[in-house]
Amino acid sequence: MFTGIVEKTATVAGMSDGPSFRRLTLFANIPDARLGESIAVNGCCLTVADVSPEKTGFDVVKETLDRTNLGLLKPGSHVNIERSLMIGDRLDGHFVQGHVDGRAVLTNIQSGDEEWRLTLEAPFALAQYIVPKGSVALDGVSLTVAAVSGNVFEVALIPTTLRLTTLGRIAAGWPFNLETDILCKTVISWLERQPRL
């Protein structure tokens, strides 16, 4: 479980194929990282598979590569990093599982002195879970939905978010890892299973 409050960004050191996975290695010194620990990389909950003083490695299976943007990463790419939530931590963002629902394509960027706005197109199947003033995670960053029209939605970015995450360096066309709000998904799923009167 995560909060969508990115701790740091890291640079991809390399990608190498294994027998049934791809090893993603980051130039990332993550203090006290342990083998088997869960860490969110661009919003994907991954398991630490290799640790050294300057690098951290993760094994990524085909399902994750197909569903997320991790398969598009190359050496030099930048990613968002968040360690898992600990009991007693402040919950500054929202509950994020690290289970990506799909990809939301960045279609437009409006930049100004006071705020940036990103316009994204989500898969139609996920549109029902994206509501005005609700929460989404984009590449692991907890954001509030500013506007919605069908399967197109907007988020506003403050200077702190632009400075501390990768979101200010992304170009139009990038397929963000999208995780919709777990509370919204749970309520809608429950309502859909109720008998109709």
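The values are calculated or read from the model by the stated rules, or taken from the named source; none is laboratory data. Predicted model, so just to flag it, every value in this text is computed and none were measured. Counting neighbours? That spans all protein chains shown, and the Cβs are built from the backbone with ideal geometry, glycine included.
Look at Val131 and say whether it is out of contact with any His (no Cβ under 6 Å at 6 or more places or on another chain), in a loop (DSSP other than H, G, I, E, B) and closer than 15 Å to His94 by Cα.
Values: out of contact with any His (no Cβ under 6 Å at 6 or more places or on another chain): yes; in a loop (DSSP other than H, G, I, E, B): yes; closer than 15 Å to His94 by Cα: yes.
Considered against the rule, which asks whether it is out of contact with any His (no Cβ under 6 Å at 6 or more places or on another chain), in a loop (DSSP other than H, G, I, E, B) and closer than 15 Å to His94 by Cα, Val131 comes out as yes.
When Thr47 is tested against the conditions (1) modelled with pLDDT under 95; (2) assigned by TED's automatic domain parsing to the domain that holds Leu72; (3) β-branched (Val, Ile, Thr), the lone failure is (1).
Please specify each residue of the range 127-154 satisfying the condition of being crowded, with 16+ Cβ neighbours inside 10 Å and charged (D, E, K, R).
The answer is Asp139, Glu154.
Within the range 9-53, the set of residues being in contact (Cβ under 8 Å) with a residue 24 or more places away in the chain, over 21 Å from Val141 (Cβ atoms) and of a type in the set (A, V, I, L, M) comprises Ala13, Met15, Ala49. Counting the residues of the range 134-158 that are under 18 Å from the mean Cα position of the chain (by Cα) and assigned to a loop (DSSP other than H, G, I, E, B) gives 4. Among the residues making up the range 96-126, those that are buried (at least 17 other Cβ atoms within 10 Å of the Cβ) and not in a strand (DSSP E or B) are Gly98, Val100, Asp101, Ala122, Leu126. It is to be established whether one or more residues within the range 63-78 are out of contact with any strand residue (DSSP E or B) (no Cβ under 8 Å at 6 or more places or on another chain), assigned by TED's automatic domain parsing to the domain that holds Thr25 and within 29 Å of Phe27 (Cα to Cα). Looking for residues that are out of contact with any strand residue (DSSP E or B) (no Cβ under 8 Å at 6 or more places or on another chain), assigned by TED's automatic domain parsing to the domain that holds Thr25 and within 29 Å of Phe27 (Cα to Cα), one finds at least one in the range 63-78, hence yes.
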